[in-house]
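A.B. asks: This is the structure I have questions about; it appears just below.
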Amino acid sequence: MTELLFFEPVFKERIWGGTKLTSFGYEISSDQTGECWAFAAHTHGQSVVKNGKYKGLTLGELWKKNRTLFGDLDGDCFPLLTKILDANQDLSVQVHPNDEYANIHENGEFGKTECWYVIDCEENAEIIYGHHAKTKEEFMSMVEQEEWEKLLHRVKVKPGDFFYVPSGTVHAIGKGILILETQQNSDTTYRLYDYNRKDSKGNTRELHLEKSIEVTEIPCTSNKLAVQQEKIHDLNVTTFIECPYFSVRKWGLNGTTSLKQQKPFLLVSVIDGKGSLISGGNTYFFEKGDHFLVPNDFEEYQLVGNAECIVSSL
């Protein structure tokens, strides 16, 4: 039987980043550390196995060489990317392409549909989630006239909120928000607006106005979700979304429960507390800040402890 696989994240400095990732026990090298790539198999970052016989292998190598861990799924590239983001400042207003557009315009890259779980945030924190333009002409006019307050739709957030952000959705994470993001395995972002801010060298960041306008959904549709709640013994399971790109759940563990593997694999990010997973006579301990893969052959296992986890799969 395969072991439970723990991963070493990849950290990214960002102009809007901060130091809150240290709250997960991570050592960071900059006070502008914006992203923890927890499960990553991309050319811009690969998380690495920390334990067992696969120690030292990247997630991308596992996908290519040990597909049975993932239920023998098809595909040249691992399909998901999980991040924790610390928005110490506002992120740029951006939009992502779908698979078809990205494949043509970004050298075969995946499109980028994503979702956010708000781990923590400052009081009165907000995100940009959609826009108010009714037509493409109205959208273009507001962009050209820089009527951002008129164009952009702002939403107040609180810890525990969840947002689905399909490709084509204008969006931005606001200052003071710590989120866990589950997304397609893509690093393609089109910046629509960046508050005219400058980097340490005095340069503004590149905008992608033409591509942004081409891929933005106009008018913007609502993406309200029908969240489902289920209690399995001492485990509260919140299902946020099941879509063609990913499924995302929250585990609220307070005691002991037994589960069966119902997905090809599970990516588990521990956002609070600690506990253990028991399977095949082996006990694996986990705590806040850990990220582990439950392989396909973990057909049945037991969870023990007090912890909160965000769990994703296909």
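A.B. asks: Does Glu144 qualify as being more than 27 Å from Val268 (Cα to Cα), at pLDDT 95 or above, among the charged types (D, E, K, R) and more than 18 Å from the chain's Cα centre (by Cα)?
C.D. replies: Taking the combined requirement at face value, the residue satisfies it.
A.B. asks: Within region 198-233, how many residues are outside any loop (DSSP other than H, G, I, E, B), among the acidic types (Asp, Glu) and in contact (Cβ under 8 Å) with a residue 24 or more places away in the chain?
C.D. replies: The number of residues fulfilling the criteria is 1.
A.B. asks: Something else about it: Checking the structure you have, find out if any residue of region 3-11 is farther than 21 Å from Tyr284 by Cβ and not in a strand (DSSP E or B).
C.D. replies: There is no residue in region 3-11 that is farther than 21 Å from Tyr284 by Cβ and not in a strand (DSSP E or B).
A.B. asks: Another one. Identify, from the list Ile128, Ile119, the residue that is farther than 20 Å from Phe246 by Cα and either outside any loop (DSSP other than H, G, I, E, B) or assigned by TED's automatic domain parsing to the domain that holds Ile84 (or both).
C.D. replies: Residue meeting the stated conditions: Ile128.
A.B. asks: For the subset of region 220-269 comprising residues that are acidic (Asp, Glu) and more than 18 Å from the chain's Cα centre (by Cα), which member is nearest to His132 (Cα to Cα)?
C.D. replies: Selected residue: Glu230.
A.B. asks: Test Asn236 against the criterion of being in contact (Cβ under 8 Å) with a residue 40 or more places away in the chain and within 21 Å of Thr182 (Cα to Cα), and give yes or no.
C.D. replies: Judged against the criteria, Asn236 is not a match.
Condition check ((1) closer than 16 Å to Cys115 by Cα; (2) assigned by TED's automatic domain parsing to the domain that holds Glu114; (3) surrounded by 20 or more Cβ atoms within 10 Å (Cβ to Cβ)) across all residues:
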{"position": "His233", "(1), (2), (3)": "no, no, no"}
{"position": "Tyr245", "(1), (2), (3)": "yes, no, yes"}
{"position": "Gly255", "(1), (2), (3)": "no, no, no"}
{"position": "Lys263", "(1), (2), (3)": "no, no, no"}
{"position": "Gly275", "(1), (2), (3)": "no, no, yes"}
{"position": "Ser279", "(1), (2), (3)": "no, no, yes"}
{"position": "Thr283", "(1), (2), (3)": "no, no, no"}
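A.B. asks: A further question follows. Which pairs have Cβ atoms under 6 Å, sit 6 or more apart or on different chains, and link a residue in region 35-55 that is part of a loop (DSSP other than H, G, I, E, B) to one that is of a type in the set (A, V, I, L, M)?
C.D. replies: Within 6 Å, the pairs are Ala40/Val10; Ala40/Leu81; Ser47/Val10; Ser47/Ala40; Ser47/Leu59; Lys55/Val49.
A.B. asks: Follow-up question, since we're still on this one. Among the residues of region 164-197 satisfying the criterion of being of a type in the set (S, T, N, Q) and not in a strand (DSSP E or B), which is modelled with the lowest pLDDT?
C.D. replies: That would be Asn196.
The values are calculated or read from the model by the stated rules, or taken from the named source; none is laboratory data. All values derive from a computational prediction rather than experimental measurement. Cβ coordinates were reconstructed from backbone atoms using ideal geometry, including for glycine residues, and neighbour counts include every protein chain displayed.
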